[in-house]
1. Tell me the relative contact order for the range 155-317 as a rounded percent, counting alpha carbon contacts under 8 Å between residues six or more apart.
2. So if each residue of separation counts as 0.36 nm, and I subtract the Cα-Cα distance between Arg231 and Lys52, what length gain in nm does that give?
3. Starting from the 7 Å offset along Cα-to-Cβ, what nm value, one decimal, do you get for the label separation of Glu64 and Arg299?
4. Where q = 0.20 Å⁻¹, what log10 of I(q)/I(0) comes from the Debye formula for the range 155-317, counting one point per Cα?
5. Please compute the length gained on full extension between Lys88 and Leu159, using 0.36 nm multiplied by the number of residues separating them and subtracting their Cα-Cα distance.
6. Once the piece of chain linking Gln195 and Glu251 is laid out straight, how much longer is it, given 0.36 nm per residue of separation minus the C-alpha distance between them?
7. Provide the descending list of Cα extents for the range 12-87 along its principal axes, expressed in whole angstroms.
8. Strictly over 32 Å apart at the Cα level, which of Lys69/Lys247; Lys69/Lys170; Lys69/Lys158; Lys222/Lys298; Lys150/Lys298 would you flag in this model?
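Rule-based calculations on the coordinates, nothing more; no lab input. All values reported here derive from a predicted model rather than from experimental measurement. A quick note on method: Cβ atoms are made from the backbone with ideal geometry, for glycine too, and the neighbour counts reach across all protein chains shown.
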Amino acid sequence: MATPMNQFMADEYVLAYHGPLLYEARILLAENWTEQNTLLGTTGPHYFIHYKGWKQTWDEWVPEGRLLKLNEAGFALRRKLLEAQTKKNRPSAPAVSTTATAAGASTSPAPGAKGKEKGGAKKETGSARKRARETANDTELDYMKRPEVKIVIPDPLKLQLVDDWENVTKNNQLVTLPRTPNVRELLEEYRQYVQSTKKDRSTRATALLSEIISGITLYFDKALGNNLLYRFERAQYVEQRRANPDKQMSEIYGAEHLLRLFVNFGPFIAYTNIDTESLNILREYINDIMKWMIKEQKRLFVKEYETTTTQYQNLSRT
């Protein structure tokens, strides 16, 4: 079977789908994945992209179907999607009163005013289109300018992150997988800890505990391949995906990579529609999880990283 050709190249500027809208992006890497080297479980042309004006935490691998050429046709579709999203978010206008119409609001133009009204209609249509474009642009700008949610990493865990970075990127070492406890087991332990300590929490915070733990687990599974791995770890990730096709990554990776998620969690949740109260509860739980991780640090984090072979090091650089 012939390998599909990449339609885009590294350093090319494109339009990329992110949710329902299109955004300008630059292709940093262009690769053609097979079942042997896929990072996401999908094959064919994939691209590592950076969204223009976005923080690097949003850089991600995307399949070719998420990209469009940066040309007039692409910009036209982008405007169309923005306008559709604006209409969807705009409250509906009140219905016109039939009583007012019956009371003498004529639907026919006055004699001699036909040409004038026609010109006025054109003017009004142009103004309406301009307002639609401005509103659509405002929608995108509002989305881009949402304030980042700050997650403060405690100092002991910052040191853990530095050691983690040095071990992987400087020493060419890896976290031995699968981890015990893995992310799912770790979060379940935290749930039991919260329930046993019976801290004073609001009724809603207590009710949301299971939902928040499920949400963090889901975020981890979705974010790991795109956002939480160093380049040196990708080959190991591919090996784990191939060896454990029926398992989620939260059943394989552990505290080291969960901590990386918390570093990136602020930008992630800033672009959700979560309400303020739920956001504060989520942030409270994340802070509490990290405090608990510090208490259990020696048990949760791996003591020694795995030294890799020369063969693996060469594979990770290809």
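1. 45
2. 62.3 nm
3. 5.1
4. With one equal scatterer per Cα and no solvent, log10 I(q)/I(0) is -1.41.
5. Result: 21.0 nm gained on full extension.
6. 17.9 nm
7. 44, 23, 21 Å, listed from the longest principal axis down.
8. Lys69/Lys247; Lys69/Lys170; Lys69/Lys158
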